1. In this structure, is Glu269 assigned to a loop (DSSP other than H, G, I, E, B) and at pLDDT below 95?
2. Looking at (1) open to solvent by less than 50 Å² (accessible area, probe 1.4 Å); (2) under 18 Å from Ile273 (Cα atoms); (3) at pLDDT below 95; (4) not aromatic (Phe, Trp, Tyr), which is the only condition Asp316 fails?
3. Filter segment 168-185 down to residues that are touching a residue at least 12 places away in the same chain (Cβ under 8 Å) and over 19 Å from the mean Cα position of the chain (by Cα), then give me how many there are.
4. When you check Asp90 against the structure, is it charged (D, E, K, R), at pLDDT below 90, open to solvent by 50 Å² or more (accessible area, probe 1.4 Å) and under 20 Å from the mean Cα position of the chain (by Cα), yes or no?
5. Assigned to a helix (DSSP H, G or I) and in contact (Cβ under 8 Å) with a residue 40 or more places away in the chain: which single residue out of Ala382, Ala305 fits that description?
6. Looking at Asp171, Asp144, Asp205, can you tell me which residue is at pLDDT below 95 and in contact with a Pro (Cβ under 8 Å, 6 or more places away or on another chain)?
7. Is it the case, given these coordinates, that Thr107 is open to solvent by less than 40 Å² (accessible area, probe 1.4 Å) and in contact (Cβ under 8 Å) with a residue 40 or more places away in the chain?
Amino acid sequence: MPTEDFAPEGTASESTAPKRPRLGAAGPESIARSSAPTPRSRTVGALSLGLIAIFALGACGSQAEAEEPEATEGEAAEAEDAEGEAEGEDAATVTIEDDHGTHEVSTDPQSVVVTDNRSYRTLEAFGVEPTAAARSLMDAQTHDWAEDESILDLGNHREPDLENVVAAEPDLIINGQRFQQYYQDLGGLAPEATILEFEPQEDADLVEELIRKTESLGEVFGEEGVAAELVEELEAEMARVQDAYDGESTVMGLLTSGGDMSYVAPGPEGRSIGPVFDTFDLTPALEQEGENESHGDDISVEAIATANPDWLLVLDREARLSLDEGEEYSPAAEIVEESAALANVSAVENDQIVYLPENFYLTEDIQAYTEFFRDFADALEAAE
């Protein structure tokens, strides 16, 4: 509609002549009538508003549907995470019984401290990387850890650096052997850590105790398969010794150190070799109780010659030790085989001497005994 028809009074479009309605133009009444909504216009308007509302609701519904899967996926992901965490919590620990009782041990410890030298190679076989260990007691030819500066050194059992235990912030400590005396100290330094010890128990077979330790540690680190292989290798060599030993030949254990020989008593009192007498029911060449489990007991070469053992099992204590300045190392074979007093001893004459692995004094682990039994079985079978 032209704007001038609705121009306010006094605007430029207003003329001086009296205004008359144009032919066919609507008068005030008709204009009023035409401005009022008709039934049809009301119906069309209502339909228009209804369609607009429907489209608006449809748009909102589409948006809600588009957002709903995203929200559902997020909730599903959170539910899966929660379920995974619950399952993880169920598998996060394993129940282990050691010398001090039963423990719930994490299967994924974040910081492991190891003081037990009988466990070093077993843990290495499991792929364990400790944060701290008694590296001063390790032989570099045997252990990869020995020269690994990323592993805090706890020193040796005579002068331990237990402050490094605090620095390591362990949640698991595997203690034992030379460090057994520090069990309480370790508990005070790392009160939140689980401490495991697997020392040979009184009246228990040493080999069975080694198996107990190996299998228990295998459970802790989820390496049951590797542990089983270590045990199978040991038992295979044990079976060979049992089959080859005649049950009558006499056996004596010796330990060499500082150029001298010491007597290793049969049974748990004797260092390393002593317990093997019970394991294989070996016949002792000399029935004498031991007094010094660590370094053997004094014995004269004449006493050895008089006992006249058919077999000698010899541990060379210093083969892998770092000697102090001025000290000289004498190999066990030189001490035993070049002794004039022992020249007529049956074991020397018949070359029936089994020397334990050179690293045995520092390891004494399941691998060391496996190697020892293999050498013993080889010698027994060769003598048949």
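1. When the stated conditions are applied, Glu269 passes them.
2. (3)
3. Number satisfying all stated conditions: 8.
4. Against the criterion (charged (D, E, K, R), at pLDDT below 90, open to solvent by 50 Å² or more (accessible area, probe 1.4 Å) and under 20 Å from the mean Cα position of the chain (by Cα)), Asp90 qualifies.
5. After applying the criteria, what remains is Ala305.
6. After ruling out the rest, the residue left standing is Asp205.
7. no
Conditions tested, residue by residue: (1) at pLDDT 95 or above; (2) surrounded by fewer than 15 Cβ atoms within 10 Å (Cβ to Cβ); (3) over 30 Å from Glu208 (Cα atoms).
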position: Ser322; (1), (2), (3): no, yes, yes
position: Gly326; (1), (2), (3): no, yes, yes
position: Leu342; (1), (2), (3): yes, no, yes
position: Ile353; (1), (2), (3): yes, no, no
position: Arg374; (1), (2), (3): yes, no, no
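The values are calculated or read from the model by the stated rules, or taken from the named source; none is laboratory data. From a predicted model like this one, the values you see are computed outputs, not experimental measurements. FYI the Cβ positions are ideal-geometry reconstructions off the backbone, even for glycines, and counts take in every protein chain you see. Surface accessibility is based on the protein's heavy atoms, side chains included, excluding ligands, DNA and RNA. Shrake-Rupley method; radii C 1.70, N 1.55, O 1.52, S 1.80 Å.
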